[in-house]
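To keep things clear, I will list the structure first and then write my remarks on it.
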Amino acid sequence: MKVELKAQDLLSYVGDALIVNLFEGVGRPGGATGAVDQALGGSITAAIGRKEFTGKLHERLLLHTVGQLPASRILVIGLGKQEEFTLDRARSASAEAMRHVCGVGARTVGSIVHGAGIGGLQADQAACAVTEGALLGLYRFDKYKKPDENGEKIVRTLTLLERDRAKASTMREGVRRGRILAEAVSFARDLVNEPGNILTPSELATRAKQLANGSGLTVKVLERADMKRLGMGALLGVAQGSQEPPKLIEVSYKGRKGKGAGPRLGLVGKGLTFDSGGISIKPSEGMEGMKGDMAGGAAVLAAIKGIAALKLPVDVTAIVPATENMPSGTAQRPGDIVKAMNGKTIEVINTDAEGRLILADALCYACDRGLTHLVDVATLTGACVIALGSVRTGAFANDAELMRQVKNASEAAGEKIWELPMDDEYGEQIKSDCADMKNIGGRKAGPITGAKLLAHFVGKTPWVHLDIAGTAQTEKDSGYQVKGGTGAMVRTLIALAMSFSGSKK
């Protein structure tokens, strides 16, 4: 979909639909919505009077203009209470509005920039949020579906309208940034939604290489022999049950100019392209969703794509340990002991706790590469879903300052996280009688004990672990999230890179 911004009055827009908005509890609309209402002979005010429309968040009122305006239809989208309005609500409202007009067959759509007026948002940030919401709200993964014989309903052009020319100039940069962010998230969603028979570890490596073409990124892929030489016994232990060869994917972006040391941000993402649970096999119900167990890997690849597109002045490296976890005659067994790259040994109690094993070696590798700050993203524990549901991502850290930066980035992106404790006592649960540690610590505090294991492989490097088990996928369309992979944490990681670079982009 093409997104453009024009310095133009709403009332002169010619197209299939025009989107305006209203806060909850407003008796008579003002501003641009008030001008539309007046042109329609008070139709919006009348609907409010009949309590047909109240302005609650995502509430919609569709009106046909019958020649009173150049646009064929008017959609009024509710923004909720004005005192509760945020950038994330602007994204969400944009998505809901766009899905609605798309559903009624609109191809050319004009829209007010939600929040840029009495909403009180900075003009460029509002334009960015509305662009993100529109593109993400209309996202669909349908590459394997037969085309609809009646023709697919697709919005071809969204025109954001701002009468003030000076303001419009500022907003254009927001539109550009919003498209980059949305395209990065969509890239992650595409990877998560791909079936496991297509997106193998080798294919994931291929797509990482394609991502680098013409983008200023460099890619390095380690093969099984390389991993063996480096002593990555934890990763190779998980991989030994599959016929698909494992890959360790490293994508680097160098945005800092000039000489001198500076922070080097490392993004590490779990890349289980399919997780059967191995010998400790999962129940069959819902196992098809385990094609998305590489959502962390998708997130870090997508984030570095966005970082490169924004040309941020910061050095970033994304690392993805990619493999399958399958049951076979060669598969890892419960009771096996593996040695990670840093020499620490892990007793495998449950082969379905494999994510922490492959991340152990990936984190060691990241430290070995000299990265100064680490954030890993992983669909690590079902226990995190029990703890936080699908609303918040679990967060763990060994460094308060980096945790603060990640929290600020998540708030800027509208992606909710919740920090959980890392007290020393939790480490008792993963003590092993015959190895340095064991890979599970029982039913209690599952997300924490998983994080405690990972902490053994980062040393003193500042590190944050993000458990996206509950937020990586969603079962229904809501706001700018659509059914399937969500692209969780992509925008947070990009916002974090912005903070590292000092960029205001």
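The values are calculated or read from the model by the stated rules, or taken from the named source; none is laboratory data. Just so it is clear, the model here is predicted, and its values are computed rather than measured. Virtual Cβ from ideal backbone geometry, glycine too; neighbours counted across all protein chains shown. Remember, those area values only see protein heavy atoms, side chains included, never the ligands or the DNA or RNA. Shrake-Rupley method; radii C 1.70, N 1.55, O 1.52, S 1.80 Å.
How many residues are within 18 Å of R369 (Cβ to Cβ) and either within 12 Å of the chain's Cα centre (by Cα) or not aliphatic (A, V, I, L, M) (or both) if we restrict to segment 466-505?
Summing the residues that are within 18 Å of R369 (Cβ to Cβ) and either within 12 Å of the chain's Cα centre (by Cα) or not aliphatic (A, V, I, L, M) (or both) in segment 466-505 gives 2.
Among the listed residues A360, A309, A366, which satisfies the condition of being outside any loop (DSSP other than H, G, I, E, B), out of contact with any Pro (no Cβ under 7 Å at 6 or more places or on another chain) and open to solvent by 40 Å² or more (accessible area, probe 1.4 Å)?
A309
Just need a number here: residues in segment 452-481 that are farther than 30 Å from L135 by Cβ and either surrounded by fewer than 18 Cβ atoms within 10 Å (Cβ to Cβ) or of a type in the set (G, A, S) (or both).
So the answer is 3.
Within segment 35-60, can you find the residues that are within 24 Å of C102 (Cα to Cα) and not aliphatic (A, V, I, L, M)?
Across segment 35-60, the qualifying residues are D37, S43, E52, F53, T54, G55, K56, H58, E59, R60.
Which of the helices (runs of 4 or more DSSP H) found entirely inside segment 147-233 contain at least 3 residues meeting this: under 23 Å from the mean Cα position of the chain (by Cα)?
Helices (runs of 4 or more DSSP H) meeting the threshold: 165-193, 201-212.
Scanning segment 239-253 for residues that are polar (S, T, N, Q) and assigned to a loop (DSSP other than H, G, I, E, B), which turns out most open to solvent (accessible area, probe 1.4 Å)?
Q243
Of all residues in segment 184-238, how many are surrounded by fewer than 16 Cβ atoms within 10 Å (Cβ to Cβ) and touching a Ser or Thr at 6+ places or on another chain (Cβ under 6 Å)?
Result for segment 184-238: 1.
For the structure I just gave you, tell me whether R156 is in contact (Cβ under 8 Å) with a residue 12 or more places away in the chain, surrounded by 15 or more Cβ atoms within 10 Å (Cβ to Cβ) and farther than 19 Å from G485 by Cβ.
Answer is no for this residue.
Among (1) in contact with a helix residue (DSSP H, G or I) (Cβ under 9 Å, 6 or more places away or on another chain); (2) at pLDDT 95 or above; (3) closer than 21 Å to F53 by Cα; (4) surrounded by fewer than 24 Cβ atoms within 10 Å (Cβ to Cβ), where does V113 come up short?
Status for V113: all satisfied but (4).
Going through T449, T351, T372 one at a time, which residue ends up being modelled with pLDDT of 95 or more and open to solvent by 40 Å² or more (accessible area, probe 1.4 Å)?
Of T449, T351, T372, the one residue that is modelled with pLDDT of 95 or more and open to solvent by 40 Å² or more (accessible area, probe 1.4 Å) is T372.
(1) of a type outside the set (V, I, T); (2) in contact with a strand residue (DSSP E or B) (Cβ under 7 Å, 6 or more places away or on another chain); (3) touching a residue at least 24 places away in the same chain (Cβ under 8 Å); (4) assigned to a helix (DSSP H, G or I): which one isn't true of S432, the others all being true?
(4)
Has segment 358-377 got at least one residue that is under 19 Å from Q473 (Cβ atoms) and either in contact (Cβ under 8 Å) with a residue 40 or more places away in the chain or under 18 Å from the mean Cα position of the chain (by Cα) (or both)?
Yes, because at least one residue in segment 358-377 is under 19 Å from Q473 (Cβ atoms) and either in contact (Cβ under 8 Å) with a residue 40 or more places away in the chain or under 18 Å from the mean Cα position of the chain (by Cα) (or both).
Examine segment 272-289 for a residue that is of a type in the set (S, T, N, Q), open to solvent by 10 Å² or more (accessible area, probe 1.4 Å) and either under 21 Å from the mean Cα position of the chain (by Cα) or closer than 29 Å to P334 by Cα (or both), and state whether such a residue exists.
Within segment 272-289 (the criterion being of a type in the set (S, T, N, Q), open to solvent by 10 Å² or more (accessible area, probe 1.4 Å) and either under 21 Å from the mean Cα position of the chain (by Cα) or closer than 29 Å to P334 by Cα (or both)), the answer is yes, since at least one residue qualifies.
Any residue at all in segment 376-393 that is farther than 29 Å from V130 by Cα, touching a Leu at 6+ places or on another chain (Cβ under 7 Å) and of a type in the set (A, V, I, L, M, F, W, C)?
No, the conditions are met nowhere in segment 376-393.
State yes or no: is A331 open to solvent by less than 20 Å² (accessible area, probe 1.4 Å) and closer than 15 Å to V458 by Cβ?
So A331 does not fit the description; no.
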